[in-house]
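Working notes, structure below.
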Amino acid sequence: VLDPVFPDKEGENAIRAAVVVMEVNSGHVLAIAGRAHQGKLSFVDAVDAKRQPGSAFKPIVVYSAAMETGFSPGTVVDDAPVAFKVGSKIWRPKNYNGRYKGLVTIRYALEQSLNVPAVKVFDAIGPETGVQYAKKLGITDLVTDKRKPKHDLFLPTALGGITVGVTPLEMANAYGTLANRGIHVTPVVILKVTDQSGNILEENTPSRTRALSEEAAYLVTDMLRGVITRGTGTRANIGRPAAGKTGTSDDYADAWFIGYTPKLVASVWMGYAERKPMDGIVGGKYPAMIWQKTMSAALKGVPAEDFKRPSNIITCKICTKSGKLPGPFCPAECISEDIFIAGQQPTQTCDVHVPVEVCAENPTMLASPYCPSVVVKSFIKRPTPYTPGPDGKVPEDAVMEIPTKMCDKHTPLQLPEVEPAPVVPGEPPAVPGEPSVVPGERPEESPEEPQETGEAHQPADQPTADQSTGMPGDATVATEQKQVVQPDNTQETRDESQDFR
């Protein structure tokens with residue numbers, strides 16, 4: 001199973017691998033495989049070697065506890081720059097590709113193995129809570145004494161940066177608890193010991209404890225299915241219901257894939273014995289391929305089986321930018337269905353998407369009073385602002401935020417400049433408002449003076465109350481029509497008067 005996908009087969013300094021396969025319900029260890037060294041098959045790596053789990057630790061220490069304490073796959077977290085004080089230093093967690101996606105659901109964050117949302121959720125539930133649940137699931141050597149120089153009650157634990165490390169057997173056992181609907185079963189390598197007469201000298205009976213609610217275990221499992229179908233672990237796809245997670249330590253010294261079906265769980269680890277970085281090997285590559293081949297062989301001829309859904313898991317439509325019910329301004333691409341424990345589904349409508357009037361000709365800017373055509377577009381209003389990090393990077397959805405600048409393309413109406421009348425030598429200059437008299441011509445007759453009638457009388461050639469002389473100090477009222485396009489694509493014509501003084 002291992003040989004066809006192994007990148008390096010020669011030498012004692014070659015990359016090692018270990019595989020553990022367990023039966024979910026019984027805890028029986030069905031297979032342990034390791035790299036052959038000096039002609040012998042070594043099981044040490046699979047059972048005893050403590051290594052850094054990387055992102056494969058997120059479902060165990062972060063998201064299992066989160067689903068048990070009120071979070072849901074559709075809960076939205078902002079994948080944006082953030083800084084935490086860890087000890088005496090400032091720690092800025094980053095994603096593997098150095099970019100930020102912005103507002104995302106926990107489901108998407110887990111499928112794409114985003115680091116920043118995982119750390120934010122771990123911070124929200126508290127490291128103590130996360131570590132407590134990891135121990136329940138089967139992780140044995142987490143350090144919880146804060147008096148020690150190194151312990152695991154701090155935020156980097158969310159990303160698998162732990163003091164001692166984990167073995168492939170431990171990781172298979174922890175993921176097996178999720179597959180077993182939240183019930184932890186101690187691993188069984190030896191069933192019993194008998195003498196030559198068949199008398200039982202020692203018998204191994206595994207203990208069974210409820211580590212996680214059935215509902216929380218199902219929520220995590222459902223998210224981990226997406227890792228294989230469309231996330232970082234697509235190379236592990238076996239063509240039947242399965243869930244799993246990739247993991248790569250931050251120094252590329254360890255690569256993992258751990259996954260399960262309703263009946264079997266398998267853990268795959270790769271790395272050098274001396275913990276040096278591997279070139280181009282991540283959890284989603286060779287470990288996922290080894291897992292796929294191992295499980296395909298183990299399940300050959302076995303009918304496919306789906307994970308049992310608890311009766312109180314419901315489906316609900318949400319906005320993927322707010323985690324709330326879709327509102328009238330949520331774009332279609334931001335509306336999705338997700339699952340919830342009954343009673344924990346959202347009841348409020350999205351308040352992240354808001355309508356904003358922008359200039360139709362300049363839609364990245366707010367509409368000014370002078371824009372001839374205005375459209376209403378949907379933008380996002382972040383619940384919590386972020387501060388760009390030292391590298392100046394911002395989330396990818398920053399382009400969807402409400403514009404901060406007003407259109408500068410359209411300005412107030414400008415009155416045309418009037419050329420002054422030419423001055424004829426020897427003649428007095430023309431007075432504005434009075435008729436010019438050309439020498440040799442007689443001026444026109446002046447209109448008759450209005451008669452006194454006891455009522456106010458407005459001369460016909462004088463401005464009325466809603467007119468203007470156009471002289472300084474008078475007001476010019478301009479009326480224009482604007483076409484406003486509403487979110488439902490209907491058009492509304494508005495008359496807007498502008499008063500220029």
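Looking at (1) crowded, with 19+ Cβ neighbours inside 10 Å; (2) out of contact with any helix residue (DSSP H, G or I) (no Cβ under 6 Å at 6 or more places or on another chain); (3) more than 27 Å from Ala17 (Cβ to Cβ), find the lone condition where Tyr133 falls short.
Condition not satisfied by Tyr133: (2).
For Tyr96, only one of the following conditions fails: (1) of a type in the set (Ser, Thr, Tyr); (2) part of a loop (DSSP other than H, G, I, E, B); (3) more than 25 Å from Val399 (Cβ to Cβ). What is its number?
Every listed condition holds for Tyr96 apart from (3).
Within the stretch 241-275, can you find the residues that are of a type in the set (Val, Ile, Thr) and either under 13 Å from Ile15 (Cβ atoms) or assigned to a strand (DSSP E or B) (or both)? Don't jump to the end; show me each part of the working.
Kept after step one, since they are of a type in the set (Val, Ile, Thr), are these residues of the stretch 241-275: 246, 248, 258, 261, 265, 268.
Result: Thr246, Thr248, Ile258, Val265, Val268.
Within the stretch 208-221, identify whether any single residue is closer than 27 Å to Ala342 by Cα, in a loop (DSSP other than H, G, I, E, B) and of a type in the set (Lys, Arg), and answer yes or no.
Taking every residue of the stretch 208-221 in turn, none turns out to be closer than 27 Å to Ala342 by Cα, in a loop (DSSP other than H, G, I, E, B) and of a type in the set (Lys, Arg).
Please indicate, with yes or no, whether at least one residue in the stretch 343-352 is surrounded by 16 or more Cβ atoms within 10 Å (Cβ to Cβ), modelled with pLDDT of 95 or more, over 30 Å from Ala242 (Cβ atoms) and not hydroxyl-bearing (Ser, Thr, Tyr). Even if it seems obvious, please write down each step before you answer.
The initial filter retains those residues of the stretch 343-352 that are surrounded by 16 or more Cβ atoms within 10 Å (Cβ to Cβ), namely 344-346, 350, 352.
So of that shortlist, the ones also modelled with pLDDT of 95 or more come out as 344-346, 350, 352.
Narrowing the set further to residues that are over 30 Å from Ala242 (Cβ atoms) leaves 350, 352.
From what's left, not hydroxyl-bearing (Ser, Thr, Tyr): 350, 352.
Within the stretch 343-352, one or more residues are surrounded by 16 or more Cβ atoms within 10 Å (Cβ to Cβ), modelled with pLDDT of 95 or more, over 30 Å from Ala242 (Cβ atoms) and not hydroxyl-bearing (Ser, Thr, Tyr).
Do we find a residue being among the hydrophobic types (A, V, I, L, M, F, W, C) and surrounded by fewer than 24 Cβ atoms within 10 Å (Cβ to Cβ) anywhere in the stretch 105-115? If you could, list the steps in order and put the result at the bottom.
Of all residues in the stretch 105-115, those among the hydrophobic types (A, V, I, L, M, F, W, C) come to 106, 109-110, 114.
Within this subset, residues satisfying the condition of being surrounded by fewer than 24 Cβ atoms within 10 Å (Cβ to Cβ) are none.
Among the residues of the stretch 105-115, not one is among the hydrophobic types (A, V, I, L, M, F, W, C) and surrounded by fewer than 24 Cβ atoms within 10 Å (Cβ to Cβ), which makes the answer no.
For Thr384, only one of the following conditions fails: (1) without any contact (Cβ under 8 Å) to a residue 60 or more places away in the chain; (2) part of a loop (DSSP other than H, G, I, E, B); (3) under 19 Å from Lys321 (Cβ atoms). What is its number?
(1)
Would you mention how many residues in the stretch 254-276 are surrounded by fewer than 21 Cβ atoms within 10 Å (Cβ to Cβ) and at pLDDT 95 or above?
Filtering the stretch 254-276 for residues surrounded by fewer than 21 Cβ atoms within 10 Å (Cβ to Cβ) gives 262-263, 272-276.
After this cut, where a residue has to be at pLDDT 95 or above as well, the list is 262-263.
Residues in the stretch 254-276 being surrounded by fewer than 21 Cβ atoms within 10 Å (Cβ to Cβ) and at pLDDT 95 or above: 2 in total.
Report, by residue number, each residue of the stretch 12-31 that is closer than 18 Å to Gly244 by Cβ and part of a loop (DSSP other than H, G, I, E, B).
Val24
Please go through the stretch 333-352 and give me each residue that is among the β-branched types (Val, Ile, Thr) and either in contact with a Phe, Trp or Tyr (Cβ under 6 Å, 6 or more places away or on another chain) or outside any loop (DSSP other than H, G, I, E, B) (or both), ordered by number. Step through it out loud before you land on a result.
Of all residues in the stretch 333-352, those among the β-branched types (Val, Ile, Thr) come to 335, 339, 341, 347, 349, 352.
Passing the criteria: Ile335, Ile339, Ile341, Thr349.
Only one residue in Gly233, Gly259, Gly284 is in contact (Cβ under 8 Å) with a residue 60 or more places away in the chain, closer than 23 Å to Ile162 by Cβ and either in contact with a strand residue (DSSP E or B) (Cβ under 7 Å, 6 or more places away or on another chain) or outside the structural domain of Asn95 (by TED's automatic domain parsing) (or both). Which one?
Working: Gly233 fails: in contact (Cβ under 8 Å) with a residue 60 or more places away in the chain; Gly284 fails: in contact (Cβ under 8 Å) with a residue 60 or more places away in the chain.
Going through Gly233, Gly259, Gly284 in turn, just one is in contact (Cβ under 8 Å) with a residue 60 or more places away in the chain, closer than 23 Å to Ile162 by Cβ and either in contact with a strand residue (DSSP E or B) (Cβ under 7 Å, 6 or more places away or on another chain) or outside the structural domain of Asn95 (by TED's automatic domain parsing) (or both): Gly259.
Being surrounded by 15 or more Cβ atoms within 10 Å (Cβ to Cβ), in a helix (DSSP H, G or I) and at pLDDT 95 or above is true for just one of Ile238, Ile228. Which residue is that?
On the way: Ile238 fails: in a helix (DSSP H, G or I).
When all the criteria are applied, what remains is Ile228.
Tell me which residues, restricted to the stretch 51-92, are in contact (Cβ under 8 Å) with a residue 12 or more places away in the chain, surrounded by fewer than 21 Cβ atoms within 10 Å (Cβ to Cβ) and not β-branched (Val, Ile, Thr). Working first, answer last.
Initial filter on the stretch 51-92 (in contact (Cβ under 8 Å) with a residue 12 or more places away in the chain): 51-84, 86-87, 91-92.
Those left that are additionally surrounded by fewer than 21 Cβ atoms within 10 Å (Cβ to Cβ): 69-70, 81-84, 86-87, 91-92.
Result: Gly70, Pro81, Ala83, Phe84, Gly87, Trp91, Arg92.
Within the stretch 301-312, does at least one residue satisfy the condition of being hydroxyl-bearing (Ser, Thr, Tyr) and touching a residue at least 12 places away in the same chain (Cβ under 8 Å)? Lay out the reasoning, then the answer.
Keep residues of the stretch 301-312 that are hydroxyl-bearing (Ser, Thr, Tyr), which gives 311.
Narrowing the set further to residues that are touching a residue at least 12 places away in the same chain (Cβ under 8 Å) leaves none.
No: the stretch 301-312 contains no residue that is hydroxyl-bearing (Ser, Thr, Tyr) and touching a residue at least 12 places away in the same chain (Cβ under 8 Å).
The values are calculated or read from the model by the stated rules, or taken from the named source; none is laboratory data. For clarity, every value in this text was computed on a predicted model and none was experimentally measured. Glycine gets a Cβ as well: all are built from the backbone with ideal geometry, and neighbour counts include every protein chain shown.
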